[in-house]
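Here it is, the structure, as structure tokens.
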């Protein structure tokens, strides 16, 4: 969900069009659902007694390391905004951001086809 914090609303007199200005805030439902899954999930052991949670954390850390270690110019807020606006996964957002020279607006436009 996208919300605008402290919105300022302008109305164009001739066209009856409204403009909203403010700080955009996005909710991260993926993290919330992952936390709920952890809360209600079984103990995480498979038949052989291996710890699946540990494996999942290692894979998640590797994915995060790959994205962030490759390019320090990428800001987390930019990636989150692209993911939210274009409805894409993190890897797609990072890749598109790099391809568009770290221009968030251009990246969103290219991903959504607007």
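Among residues belonging to the range 64-90 that are surrounded by 12 or more Cβ atoms within 10 Å (Cβ to Cβ) and more than 12 Å from residue 108 (Cα to Cα), point out the one that is modelled with the highest pLDDT.
Going through the qualifying residues, I end up with 90.
Test residue 6 against the stated conditions and say whether it is loosely packed, with under 10 Cβ neighbours inside 10 Å and modelled with pLDDT of 85 or more.
Taking the combined requirement at face value, the residue does not satisfy it.
The values are calculated or read from the model by the stated rules, or taken from the named source; none is laboratory data. Given the structure is predicted, the values throughout are model-derived calculations rather than measurements. Cβ: placed from backbone, ideal geometry, glycine included. Neighbour counts: every protein chain shown.
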